[in-house]
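These notes are about the structure you will find just below.
The values are calculated or read from the model by the stated rules, or taken from the named source; none is laboratory data. None of these values were measured; they are calculated from a predicted model. All Cβ positions, even for glycine, are placed from backbone atoms using ideal geometry, and neighbour counts span all protein chains on display.
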């Protein structure tokens, strides 16, 4: 039996449903950013109300990640079903159901993405970095693809069709994964024979990585979520043109993740991480000052390139240290809550200052915190052997 189970590894999995699901997940995750100017104009939302939508979605994502830490396989299915239901509600509902719609999307995304990252990050430990980089690259492709779809769907009717199309796509992924898991369960009748390789998640590791990923995801979501509104408000571009700045941010992330494996063969991952953090800090800093649309575009692209290596390198590093552990799902939960809290804080601070530009100090401070935590991890070892994660 062990040899039979060993043969059923991720290299033999039909990975297309996972990759397709992450494309849909990437689109759904960043959807609120490009459509926010339209929603704000349609329902006359204040910055505080708009920030509450981010909080709703990413609070749901936090709950979904907690579920996935205990029910990994079931959450692969539940996650995409919930995303499909939430997108359909957003397409067909009115303002009264918008919070419920984003809550469903958030819970589904937290469940599906956490379950997928744990699957790809633990079933082949020797290629952890490669698997995580590859699947998150598809997430980035989805994130890049979303703003052009929104830009094309400038009318309420066409936007509704885009949302329904995404809903049906998530439902198709749900069906494909249902068939896959059914076949795999039939091929693995004795799950108890799989050796337990759970690692110990010590409090210092838990605190450091939870805080680091909380701040990073929060900063990334602040930039991608508010930049379209920022450009629309200060550079006087139309909602459909300003949404393209969201695309620029995600295209930069995808390009950065594509070149990270090559860079890692020449320089250390710590150097790549530091360079990325410094680039992100410079990019966000530029947005704190008045500038033209072209300078804003360059700043957004620089911030995206800087953000590119942070998440996959950090997650691969974490999983390399602790192996398979259900407790890691709690780190993903805390990580997702950063996307709920910091964009909401940005909206709240914008309302207090009367300036969205000044409120971009929130993602700037978060990136500075990530830099300090990464340096702390480097200077102060926390009681474990530090393996080198080599990305192919």
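List of remarks:
- Filter pass, residue 340 being assigned to a helix (DSSP H, G or I), at pLDDT below 80 and farther than 17 Å from residue 242 by Cβ: yes
- Sole exception among (1) assigned to a helix (DSSP H, G or I); (2) surrounded by fewer than 24 Cβ atoms within 10 Å (Cβ to Cβ) for residue 82, by number: (2)
- Candidate set: the stretch 260-277, residues that are in a helix (DSSP H, G or I) and exposed (fewer than 14 other Cβ atoms within 10 Å of the Cβ); chosen: the one modelled with the highest pLDDT: 271
- Qualifying residue in the stretch 54-64 (condition: out of contact with any helix residue (DSSP H, G or I) (no Cβ under 7 Å at 6 or more places or on another chain) and either closer than 19 Å to residue 171 by Cα or touching a residue at least 12 places away in the same chain (Cβ under 8 Å) (or both)): no
- Residue satisfying condition, being on the phi < 0 side of the Ramachandran plot and under 16 Å from the mean Cα position of the chain (by Cα), within set 100, 118: 118
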